[in-house]
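The values are calculated or read from the model by the stated rules, or taken from the named source; none is laboratory data. Computed from a predicted structure; not experimentally measured. Here Cβ is always computed from backbone atoms with ideal geometry, including for glycine, and neighbour counts include all displayed protein chains. Heavy atoms of the whole protein, side chains included, go into the accessibility calculation; ligands, DNA and RNA do not. Shrake-Rupley method; radii C 1.70, N 1.55, O 1.52, S 1.80 Å.
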Amino acid sequence: MALEQLCDVVQRCQAIKDEGFSPEDYDLFFTAGRTCLEQGNSAQVLSILVDEKNKICSPKELLVGLLEQVEEADTGSIAETVTLLLKPLQTVLLRLGMKKASSVGMALSTLLSQVARLPVPVTKEQEEDDVFGLCHCCTALLQFVKPFVEEVKEGVKDNNRISKDNELRVELLKFCMKSLSKPLLEVQLKDPDTLLKSPLRDFATEILIILSSIGESLPDLLSRNVLKRREVPGFLEEEVRYPKESLACLSHLLFVDHIAVDIFPAVLSPIFVLQCNMEYIELLLSRTEESHLLKGLVLYEKSLIRVEDNSLPVDLLELKTFFSVPQNLVKVMTLCPDQTLRTKGLKVFQLSIDKFNTEAKYKFFKGMLKTSHHAGVEGYIIKNIKNQIDFSLKPCNGNDWFLGKHLLPLLRLVLCLPHGPETDLLQNLDRIMESLNLLRYMLIRDKEWENETGIWTELYKIEDNYLKPLRTGLNMSKAHYEAELKSAKENKKISSKDSKASVCTVTVDNEKLPNMTPEMQIQVLQSAVFTFDLIESVLTRIEEIIETKERPLS
């Protein structure tokens, strides 16, 4: 019925001129055409569109009508509508001749905006089943853009180069950039060993091939943020044309997924690649989505692995990203709810430390001790400092940074209490224990008459500024918690005589933990006292070493 109605409209309109069409004619044509497409009669609709006798609507009017159908599709029918209308859209666009660039751009933008609404398959089975149609849409989109890509490539053959201002080329570039940011940035591509035929992997590969085909050098795209100069006219336009999140996805595809490696020359130095990728890593690690965090961690890891250990120069720490990325890593390591990501973050954090040369490690440690504001992270840094001192004290490994005069300022940052004797020892446990272990190690390993580290020269200051305040704070804290523990045990005896189960409130780190039973309160207090005993055991050993050294020979 709808097909007959469409044919009737076409036959009637063939006899009159364009200006004779009424709004009702247009509406009837589009309504009948849409119904035909929904009923599966796309071939017949296409034959009407390509027939030169049928000048019912201008190609641009047809384009607008078709795109309205795409925009009006609800979530459940996006994939079906997009795949159904791609061929008619392509046919209409090809009829526009040399003035089609803006229309191609409008069509691609509309289509991608709708496709981006489709759920992204996570598992191998989801990609194979493709219930929501994202994979099918991506495959169809590649066929849709094919003639337009070929047209740009033909222009290259004729002119031996591609004009960066070629309008059709610009629209295809926008399509590629938008495809990289969504859906590809959201996708975790499956390895060929896991999924032999992956539509999403094929889509990513083709997007990179299209970029190369229209004159975009992949190495130049990768290094754009490093080599750009902000004083160049049109810089803002360049930022819009090459969105950072799209380039972040491009970098991940190249160095993690190894997409299109055959068209990417392996001539860039590992350090330069790392420097290029740091902006993209910074972007990914600043996000809250776990999929983005994982991509940032893996991209950072892959970029670091290619770099030789102890090779990154200290100059790199002057770059903003080499400061901000570790800060973002710390947030992942300490705040991310996913245990796997936290563990991965710590692994990558250590890998980044291993790649710095000695001077860069020294400067990095100083910076992190000043800015991390997290006892666990500070403790981890102090453990690394201990490892560097240990390495430096071995034969032939001496250096100017972890021995002697340069080491002492670093030790002053390590061997200090943020708030003197009033420092919260429980909250700062990791830092305090690693600091004490480092000090004890140095006093045992570095003999007083050798004093390679300079620790013995600094010892009197360390005693006054660190050990004595720590002892005072420890004695006060331990006495307080032991008194609280004694009181809690007495309260438990009293409460056990009551028929009703009692609850109490405990304050930890200035925060009240309500509704604790006496048993729970006693457990918390006993744990704190045990922690203080642990600190005291190491502190006492250090005090004994110092006392032995200071005791006069009889």
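What the table below lists for this structure:
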read-out: Residues satisfying the stated conditions in segment 398-428, i.e. open to solvent by 40 Å² or more (accessible area, probe 1.4 Å), in a loop (DSSP other than H, G, I, E, B) and modelled with pLDDT under 95; value: G398, D400, C416, P418, H419, D424, L426, Q427
read-out: Count of residues meeting criterion [under 15 Å from N387 (Cα atoms) and either open to solvent by 60 Å² or more (accessible area, probe 1.4 Å) or among the hydrophobic types (A, V, I, L, M, F, W, C) (or both)] in segment 445-472; value: 1
read-out: Answer residue from segment 484-505, given it is at pLDDT 75 or above and farther than 13 Å from T517 by Cα and is farthest from the chain's Cα centre (by Cα) among those; value: E490
read-out: Given (1) surrounded by 17 or more Cβ atoms within 10 Å (Cβ to Cβ); (2) modelled with pLDDT of 95 or more, number of the condition S372 does not satisfy; value: (2)
read-out: Residue that is crowded, with 21+ Cβ neighbours inside 10 Å and in contact with a helix residue (DSSP H, G or I) (Cβ under 7 Å, 6 or more places away or on another chain), where the choices are L436, L393; value: L436
read-out: Residue check for G215: modelled with pLDDT under 95 and part of a helix (DSSP H, G or I); value: no
read-out: Residue in segment 189-198 that is farthest from L250 (Cα to Cα), counting only those that are touching a Lys or Arg at 6+ places or on another chain (Cβ under 8 Å) and open to solvent by 50 Å² or more (accessible area, probe 1.4 Å); value: T194
read-out: Test: residue in segment 130-152 that is without any contact (Cβ under 8 Å) to a residue 40 or more places away in the chain and over 21 Å from I207 (Cβ atoms); value: yes
read-out: Matching option when the condition is outside any helix (DSSP H, G or I) and at pLDDT 95 or above, among N328, N277, N310; value: N310
read-out: Test result for S303, over 22 Å from L253 (Cβ atoms) and open to solvent by less than 40 Å² (accessible area, probe 1.4 Å); value: no
read-out: Residues being surrounded by 14 or more Cβ atoms within 10 Å (Cβ to Cβ) and either modelled with pLDDT of 90 or more or within 40 Å of the chain's Cα centre (by Cα) (or both) - total across segment 53-76; value: 8
read-out: Candidates V377, V307, V314, V325, filtered to the one that is within 20 Å of H292 (Cβ to Cβ) and touching a helix residue (DSSP H, G or I) at 6+ places or on another chain (Cβ under 8 Å); value: V325
read-out: Top-ranked residue of segment 154-166 - restricted to ones that are in a helix (DSSP H, G or I) and crowded, with 16+ Cβ neighbours inside 10 Å, ranked as modelled with the lowest pLDDT; value: V156
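Conditions (1) crowded, with 19+ Cβ neighbours inside 10 Å; (2) aliphatic (A, V, I, L, M); (3) within 18 Å of L413 (Cβ to Cβ), marked per residue:
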{"site": "L319", "(1), (2), (3)": "no, yes, no"}
{"site": "Q327", "(1), (2), (3)": "no, no, yes"}
{"site": "T340", "(1), (2), (3)": "no, no, no"}
{"site": "G345", "(1), (2), (3)": "yes, no, no"}
{"site": "D354", "(1), (2), (3)": "no, no, no"}
{"site": "G376", "(1), (2), (3)": "no, no, yes"}
